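Written below as structure tokens is the structure these notes are about.
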Amino acid sequence: MVDIRIGFGYDSHEFKAGVPLRIGGMTLDHPEGLAGHSDGDVLLHAITDALLGSVAAGDIGTFFPPGDPRWKDADSSIFLNLALEELQHAGFQIVNIDTTLILAAPKIAPVAGAMCARVADLLNVKLDQVSIKAKTPEGLNLDRVVQCHAVALVERVQETDELKSMEEVIESQRQLEDVVDDLLSSVHGVPKKRTITPVYDTEDIT
Ligand SMILES: [Zn+2]
């Protein structure tokens with residue numbers, strides 16, 4: 001049975017002078033950055049919340065309270081890593097991530113490819129599993145704010161076929177040993193036993 005989940009994340013940060021603009025784990029060329037306790041990476045925060053949400057593991061604030069001095073100016077890839085650990089712990093892996101940034105400036109289109117590659121790298125997934133789109137905040141009067149929406153589809157990690165076939169081989173060997181034991185006991189009256197023969201005689205180990 002296919003076991004899939006979906007998670008949604010949203011975040012917003014206000015523009016602030018004197019700090020670098022960090023979006024998608026990249027520093028963008030722009031006169032202002034985003035205010036925030038961490039590096040203000042709105043895209044990574046939204047993805048973090050989408051991933052945590054997909055396995056009902058709370059949100060970014062659950063793990064990283066905004067007032068905690070440890071996360072002051074923190075690189076937001078830390079938050080993403082925690083979400084990936086939670087995902088793995090729950091037994092799930094990413095199918096795909098889709099995001100929409102809403103901002104007046106700078107233009108995202110010229111850097112979207114590089115940003116997708118960076119985020120895919122941070123998430124340890126393929127390039128075609130990450131989508132980053134951008135819109136301007138038409139009619140919202142929110143030119144001083146960057147918002148981001150993110151959805152994450154995740155699936156339960158299946159045992160690999162290789163592992164399954166290995167288990168089958170081990171199981172068939174056990175059955176074979178049982179058959180041999182049964183034969184021996186019926187022919188010779190030898191009691192059934194299963195002894196483990198050490199690879200090396202302990203006497204040989206000096
Ligand atoms: Zn944020």
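Within segment 55-75, the only residue that satisfies the criterion of being within 14 Å of the ligand (Cβ to nearest atom) and among the basic types (K, R) is K72.
Would you please name the residue that is most open to solvent (accessible area, probe 1.4 Å), looking only at residues in segment 138-154 that are modelled with pLDDT under 95 and within 20 Å of R22 (Cα to Cα)? Among those residues, the one meeting the criterion is D143.
Quick grid of which residues meet (1) at pLDDT below 95; (2) more than 13 Å from the ligand (Cβ to nearest atom); (3) open to solvent by less than 40 Å² (accessible area, probe 1.4 Å):
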position	(1), (2), (3)
R5	no, yes, no
E14	no, no, no
S38	yes, no, yes
T48	no, no, yes
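Residue-level analysis places D128 outside the set of residues that are open to solvent by 40 Å² or more (accessible area, probe 1.4 Å) and at pLDDT below 95. Of the residues making up segment 59-101, those that are surrounded by 13 or more Cβ atoms within 10 Å (Cβ to Cβ), more than 13 Å from the chain's Cα centre (by Cα), outside any strand (DSSP E or B) and not polar (S, T, N, Q) number 7.
Just one of (1) open to solvent by less than 20 Å² (accessible area, probe 1.4 Å); (2) of a type in the set (S, T, Y); (3) not in a helix (DSSP H, G or I) fails for T27. It is (1).
Residues in segment 16-36 that are away from the ligand (no atom under 13 Å from the Cβ) and of a type in the set (A, V, I, L, M, F, W, C): A17, V19, L21, M26, L28.
Whether a residue is more than 16 Å from the ligand (Cβ to nearest atom), open to solvent by 20 Å² or more (accessible area, probe 1.4 Å) and not in a strand (DSSP E or B) was assessed, and A120 does not pass this test.
The values are calculated or read from the model by the stated rules, or taken from the named source; none is laboratory data. Source: prediction; values computed, not measured. Methodologically, a virtual Cβ is constructed for each residue, glycine included, from the backbone with ideal geometry; neighbour enumeration extends over all protein chains shown. Each accessible area value is taken on the protein alone, full model and side chains, heavy atoms only, with ligands, DNA and RNA left out. Shrake-Rupley method; radii C 1.70, N 1.55, O 1.52, S 1.80 Å.
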